[in-house]
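A short write-up of the structure that comes next.
The values are calculated or read from the model by the stated rules, or taken from the named source; none is laboratory data. All of these numbers come straight from a predicted model, not from anything done at the bench. Glycine also receives a Cβ, built like all others from the backbone with ideal geometry; neighbour counts cover every protein chain displayed.
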């Protein structure tokens, strides 16, 4: 179903001929020749006499949800879905001490989730540093270098990620 734009002309079975004068996400405001201004549901039964493109700011639920998701990903500490490499699924991380005490076993999924949370919190910290009004540019650059080194220290965990674009990246060599 295409949304009618303002100025579209319709013929409604109850109200007759009219012109769309406003549009919302669920209704049209239509000025009818004989009945004046009426609101009708977008999915109501009517004949379209002339369809003009929708140039108003009607927004679907999908558009709102997509925008909200992008905002939350950018400005909150919620994290995106990051996939664990297939070969690690249902696996365990075993920490074996050098002495005779018992091993510590952790599900890799749990460990991986914690690594992703650390990465997400570093990203939030990075955003807060970059948007800070209390730091001058040199201080931001200095702190950013520390963050880059932190990412570099975490590259050992890249083996757990399914997708390469989720990897930690430290300083790149000039080669």
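Couple of notes before you dig in:
- In the range 131-141, the qualifying residues are those that are in a helix (DSSP H, G or I) and either exposed (fewer than 12 other Cβ atoms within 10 Å of the Cβ) or not assigned by TED's automatic domain parsing to the domain that holds residue 71 (or both), and the one that is modelled with the lowest pLDDT is 131.
- Exclusive hit being within 27 Å of the chain's Cα centre (by Cα) and without any contact (Cβ under 8 Å) to a residue 12 or more places away in the chain, set 128, 162: 128
- Residue 98 more than 30 Å from residue 167 (Cβ to Cβ), surrounded by fewer than 10 Cβ atoms within 10 Å (Cβ to Cβ) and either at pLDDT 80 or above or outside the structural domain of residue 152 (by TED's automatic domain parsing) (or both): yes
- Criterion violated by residue 105 - all others in (1) in a loop (DSSP other than H, G, I, E, B); (2) within 17 Å of residue 160 (Cα to Cα); (3) at pLDDT 90 or above satisfied: (1)
- Among the residues of the range 11-31, those that are touching a residue at least 12 places away in the same chain (Cβ under 8 Å), assigned to a strand (DSSP E or B) and under 38 Å from the mean Cα position of the chain (by Cα) comprise 19, 20, 21, 22, 23, 27, 28, 30.
- Residue in the range 128-148 that is within 21 Å of residue 83 (Cα to Cα) and out of contact with any helix residue (DSSP H, G or I) (no Cβ under 7 Å at 6 or more places or on another chain) present: no
- Restricting attention to the range 32-49, the residues that are part of a strand (DSSP E or B) and farther than 17 Å from residue 3 by Cα total 4.
- Answer from 68, 93 - the residue that is part of a helix (DSSP H, G or I) and either modelled with pLDDT of 70 or more or more than 30 Å from residue 20 (Cα to Cα) (or both): 68
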